[in-house]
Amino acid sequence: MSHPLNRTTCEEAFRRLDDFLDRRLSQTEMRMIEEHLEICAACTREFTFEASVLTGIRRKLRQLSVPPDLLARIAAEIRAAGNSDSS
Amino acid sequence: MLEESPTAPPRSAPEPKAARPPAEFEALFAAVATTAFGIAVRLTRNQADAEDLVQEAALLAFRAFASFEPGTNFRAWFFKILTNCYFSKRRREKSRPVTSDLDDTPDLYLYARSGEAGFPTQGLDPAAQLLDQLGTERVVAAIDRLPEEYRVVSTLYFMEDLSYEEIAQVLGCPIGTVRSRLHRGRKMLQKALWQVAQEDGIISHHTTSTGE
């Protein structure tokens with residue numbers, strides 16, 4: 001029933017949630033969390049939900065495209081600047 | 001005049017030498033243009049200002065292109081110029097007062113609220129059901145509610161999988177600052193998303209009353 005000393009607790013896992021999702025932990029710590037998630041359904045739900053939020057936000061934000069005339073305007077301006085700089 | 005602009009690119013803004021052809025710059029710029037525009041929209045909060053910002057940053061970057069080392073990270077280099085441009089413009093304007101009720105957002109905010117409201121909290125992509133009901137512009141609206149320092153970091157993070165190191169490079173701040181702002185910004189964003197969902201009527205009334 002008690003946590004073995006070498007076993008990651010829910011609190012320790014939770015403290016590393018953001019870093020885990022961003023893969024900012026050392027290999028050892030990543031493995032520790034993964035092992036914890038294998039045996040802890042509650043933490044797995046929380047971690048999966050947080051990952052899903054991040055993925056969902058990214059998915060939404062990347063649906064924007066550049067106005068086509070903006071690129072043309074910038075290209076024209078850069079070429080004009082290049083010409084004036086070299087003359 | 002652009003040469004006198006305070007929106008100086010990183011390190012030094014060399015005199016325009018035009019040592020390299022516009023086509024070389026354009027090729028590199030084209031690869032980051034979509035993301036740059038997306039970031040600019042998020043920063044400026046409107047499309048017209050975003051277009052101006054990207055255009056100004058592009059010209060400034062081109063003029064400083066001689067200082068860019070080929071083979072290094074053009075994306076981070078350009079985004080730094082873009083954000084410098086933005087901050088410089090902001091300084092020229094009156095600062096908007098920051099009013100945020102997001103500061104005290106508890107951990108796992110959306111998880112807890114979703115559970116209360118009967119949205120899924122389990123499965124392969126449990127947040128999708130809630131987020132898919134919010135249009136892109138509403139997610140943008142949620143990001144807009146973050147205090148600026150969190151909004152900028154979150155924008156860079158969500159738009160293009162920039163690493164913490166790249167974000168630190170872009171913003172000229174320590175990696176630890178990026179990390180703490182990002183972690184806190186994510187919590188705030190969850191609450192902001194919930195507020196937006198409430199305003200859109202996605203969350204039913206009885207849960208609205210518990211949703212702060």
Once each part is reduced to its C-alpha centroid, what is the distance from segment A:24-42 to segment B:108-143 in angstrom? 25 Å
For the pair residue B:101/residue B:45, report the inter-label distance in nm, with labels modelled 7 Å from Cα in the Cβ direction. 1.7 nm
Helices from chain A with mean Kyte-Doolittle at least 1.6 and a Cα length along the axis of 27 Å or more, per DSSP H: which? none
Taking Rh as the Kirkwood radius, which is the inverse of the mean 1/r over Cα pairs, what is the Rg/Rh value for segment B:99-204? 0.99
Just want the answer: with Cβ charges of +1 for Lys and Arg and -1 for Asp and Glu, which residue in A:72, A:41, A:57 is farthest toward the dipole's positive end in chain A? A:72
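Read the figures in this text as sums done on the coordinates, not as results from a lab. Here the structure is a predicted model, which is why all the values come from computation and not from measurement. Ideal geometry is used to build each Cβ from the backbone, glycine not excepted, and the neighbour counts take in all protein chains shown.
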